[in-house]
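The values are calculated or read from the model by the stated rules, or taken from the named source; none is laboratory data. Remember, predicted model here, so these are calculated numbers, not experimental data. Positions of Cβ are backbone-derived with ideal geometry, glycine not excepted, and every protein chain shown enters the neighbour counts. Please note that ligands, DNA and RNA were not included when accessible areas were found on the heavy atoms of the full protein model with its side chains. Shrake-Rupley method; radii C 1.70, N 1.55, O 1.52, S 1.80 Å.
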Amino acid sequence: MANLADEYGTDVEIYIKALTTTIHADTPTGAPAKLHGLLEQLGLERHEYPTGAPLYIWHTVPEHLDADEQKRLATRAIPALLLAGYEVNCTPDVFDQATYRQAVHDVRTRAARPAAQQPAPASSPSRPAPARRTP
(Lines give C-alpha, C1' and ligand atoms only; values in the text may rest on other atoms or scores of the structure.)
Protein backbone atom coordinates (compact mmCIF):
# COMPACT_ATOMS: atom_id res chain seq x y z
CA MET A 1 0.00 0.00 0.00
CA ALA A 2 1.37 3.36 -1.01
CA ASN A 3 0.99 6.27 1.36
CA LEU A 4 0.99 9.45 -0.70
CA ALA A 5 1.36 11.71 2.34
CA ASP A 6 4.63 9.94 3.19
CA GLU A 7 5.70 10.03 -0.45
CA TYR A 8 5.02 13.77 -0.95
CA GLY A 9 5.82 15.00 2.58
CA THR A 10 2.39 16.52 3.24
CA ASP A 11 0.02 16.15 6.18
CA VAL A 12 -2.96 15.14 4.04
CA GLU A 13 -3.17 13.94 0.43
CA ILE A 14 -6.71 13.86 -0.98
CA TYR A 15 -7.15 11.86 -4.20
CA ILE A 16 -9.21 9.21 -5.97
CA LYS A 17 -7.64 5.80 -5.44
CA ALA A 18 -6.45 4.29 -8.73
CA LEU A 19 -8.87 1.90 -10.43
CA THR A 20 -11.67 2.88 -8.00
CA THR A 21 -14.04 5.77 -7.37
CA THR A 22 -13.06 6.00 -3.69
CA ILE A 23 -11.75 9.33 -2.43
CA HIS A 24 -8.87 8.78 -0.01
CA ALA A 25 -7.23 11.11 2.48
CA ASP A 26 -3.79 9.77 3.32
CA THR A 27 -1.93 11.01 6.38
CA PRO A 28 1.76 10.41 7.06
CA THR A 29 2.97 7.46 9.06
CA GLY A 30 2.83 8.43 12.73
CA ALA A 31 0.46 11.36 12.15
CA PRO A 32 -0.92 12.80 15.40
CA ALA A 33 -4.22 11.51 16.75
CA LYS A 34 -5.46 15.11 16.59
CA LEU A 35 -5.22 15.05 12.77
CA HIS A 36 -7.07 11.74 12.55
CA GLY A 37 -9.74 13.10 14.89
CA LEU A 38 -10.18 16.24 12.80
CA LEU A 39 -10.60 14.22 9.62
CA GLU A 40 -13.28 12.15 11.34
CA GLN A 41 -15.04 15.31 12.62
CA LEU A 42 -15.07 16.56 9.04
CA GLY A 43 -16.99 13.48 7.93
CA LEU A 44 -14.27 11.13 6.66
CA GLU A 45 -14.19 7.50 7.73
CA ARG A 46 -11.08 6.05 9.38
CA HIS A 47 -9.51 2.79 8.19
CA GLU A 48 -6.56 0.88 9.63
CA TYR A 49 -4.46 -1.93 8.29
CA PRO A 50 -2.19 -3.74 10.71
CA THR A 51 0.91 -4.21 8.58
CA GLY A 52 3.07 -4.51 11.67
CA ALA A 53 4.71 -1.40 13.00
CA PRO A 54 3.79 1.29 12.10
CA LEU A 55 0.07 0.93 11.66
CA TYR A 56 -1.23 2.15 8.29
CA ILE A 57 -4.14 4.58 8.79
CA TRP A 58 -6.11 6.31 6.06
CA HIS A 59 -9.50 7.96 5.66
CA THR A 60 -12.12 7.81 2.94
CA VAL A 61 -15.17 9.82 2.04
CA PRO A 62 -18.32 7.78 2.82
CA GLU A 63 -19.22 5.71 -0.23
CA HIS A 64 -22.98 5.97 0.37
CA LEU A 65 -22.79 9.58 -0.90
CA ASP A 66 -23.11 10.24 -4.64
CA ALA A 67 -19.91 11.14 -6.51
CA ASP A 68 -20.50 14.91 -6.51
CA GLU A 69 -21.31 15.00 -2.79
CA GLN A 70 -18.18 12.95 -2.07
CA LYS A 71 -16.07 15.57 -3.86
CA ARG A 72 -17.86 18.38 -2.03
CA LEU A 73 -17.27 16.73 1.37
CA ALA A 74 -13.56 16.26 0.61
CA THR A 75 -13.22 19.83 -0.65
CA ARG A 76 -15.09 21.29 2.36
CA ALA A 77 -12.54 19.64 4.65
CA ILE A 78 -9.59 21.53 3.15
CA PRO A 79 -10.09 24.99 4.74
CA ALA A 80 -10.52 23.48 8.22
CA LEU A 81 -7.36 21.42 7.79
CA LEU A 82 -5.41 24.45 6.55
CA LEU A 83 -6.72 26.58 9.41
CA ALA A 84 -5.54 23.90 11.85
CA GLY A 85 -2.05 24.28 10.38
CA TYR A 86 -1.85 21.18 8.21
CA GLU A 87 -0.32 21.03 4.73
CA VAL A 88 -2.93 19.63 2.34
CA ASN A 89 -2.76 18.56 -1.29
CA CYS A 90 -5.90 17.73 -3.26
CA THR A 91 -5.92 16.44 -6.82
CA PRO A 92 -7.88 18.44 -9.40
CA ASP A 93 -10.26 15.54 -10.08
CA VAL A 94 -11.55 15.84 -6.50
CA PHE A 95 -11.30 19.60 -5.90
CA ASP A 96 -14.45 21.70 -6.40
CA GLN A 97 -13.72 25.44 -6.61
CA ALA A 98 -17.24 26.68 -5.73
CA THR A 99 -17.45 24.37 -2.71
CA TYR A 100 -14.01 25.51 -1.55
CA ARG A 101 -14.98 29.18 -1.76
CA GLN A 102 -18.15 28.54 0.23
CA ALA A 103 -16.24 26.53 2.86
CA VAL A 104 -13.70 29.35 3.25
CA HIS A 105 -16.54 31.84 3.61
CA ASP A 106 -18.20 29.62 6.24
CA VAL A 107 -14.94 29.28 8.21
CA ARG A 108 -14.40 33.03 8.15
CA THR A 109 -17.99 33.70 9.21
CA ARG A 110 -17.73 31.27 12.14
CA ALA A 111 -14.41 32.82 13.19
CA ALA A 112 -15.84 36.35 13.09
CA ARG A 113 -18.95 35.57 15.16
CA PRO A 114 -17.26 34.77 18.50
CA ALA A 115 -15.15 37.93 18.28
CA ALA A 116 -18.24 40.07 17.74
CA GLN A 117 -19.98 38.51 20.74
CA GLN A 118 -17.12 39.00 23.22
CA PRO A 119 -17.68 41.87 25.65
CA ALA A 120 -15.22 44.75 25.67
CA PRO A 121 -12.56 44.72 28.39
CA ALA A 122 -13.73 46.27 31.67
CA SER A 123 -10.98 48.86 31.83
CA SER A 124 -9.43 49.95 28.60
CA PRO A 125 -7.14 52.97 28.42
CA SER A 126 -8.67 56.03 26.79
CA ARG A 127 -5.50 56.72 24.86
CA PRO A 128 -2.75 54.43 23.63
CA ALA A 129 0.38 53.96 25.71
CA PRO A 130 3.42 55.88 24.46
CA ALA A 131 5.84 53.95 22.28
CA ARG A 132 8.98 52.75 23.99
CA ARG A 133 12.27 54.16 22.85
CA THR A 134 15.44 52.20 22.82
CA PRO A 135 18.61 54.07 23.74
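Can you give me the long-range amide H partners of CYS90? Hydrogens built in the peptide plane at 1.01 Å from N, cutoff under 5 Å, separation of 5 or more residues or another chain.
ILE14
In terms of modelled amide H atoms, which long-range or inter-chain residues lie less than 5 Å from the amide H of TYR56?
Those lying under 5 Å, H to H, from TYR56 are TYR49, THR51.
Excluding TYR86 itself, what net charge comes from residues whose Cβ is under 13 Å from its Cβ, given Lys and Arg +1 and Asp and Glu -1? Please list the in-between numbers first.
Values: positive: LYS34; negative: ASP11, GLU13, ASP26, GLU87.
Charge balance near TYR86 sits at -3.
By the scheme Lys and Arg +1, Asp and Glu -1, what is the net charge of all other residues having a beta-carbon under 11 Å from that of PRO62? Mind dumping the intermediate values first?
Values: positive: none; negative: GLU45, GLU63, ASP66, GLU69.
Net of charged neighbours comes to -4.
Give the relative contact order (percent, whole number) for region 33-112; include only Cα pairs under 8 Å separated by 6+ residues.
Values: 67 pairs, mean separation 17.4, N = 80.
Contact order relative to length: 22 percent.
Taking θ = phi - 60°, what integer Hz values does the Karplus form 6.51 cos²θ - 1.76 cosθ + 1.60 yield along region 55-61, in sequence order, with x for Gly and Pro?
Residue by residue, region 55-61 yields 6, 8, 10, 9, 10, 10, 6 Hz.
I want to check the label-to-label distance for ASP68 and ALA33. Put each point 7 Å from Cα in the C-beta direction and report it in nm to one decimal.
Using points 7 Å along Cα→Cβ, the separation is 4.0 nm.
Say each of GLU87 and TYR56 gets a label point 7 Å from the Cα, pointing the same way as Cα to Cβ; how far apart are those two points in nm?
Distance between label points: 2.3 nm.
Mind ordering 58-67, 29-38, 3-12 by average Cβ neighbours within 10 Å, highest first? List each step's numbers first, then the result.
Numbers: 58-67: 15.5, 29-38: 13.8, 3-12: 17.2.
Packing order, densest peptide first, comes out as 3-12, 58-67, 29-38.
If ligands, DNA and RNA are left out, what is the accessible area of GLU40 with a 1.4 Å probe, given in Å² to the nearest 10?
80 Å²
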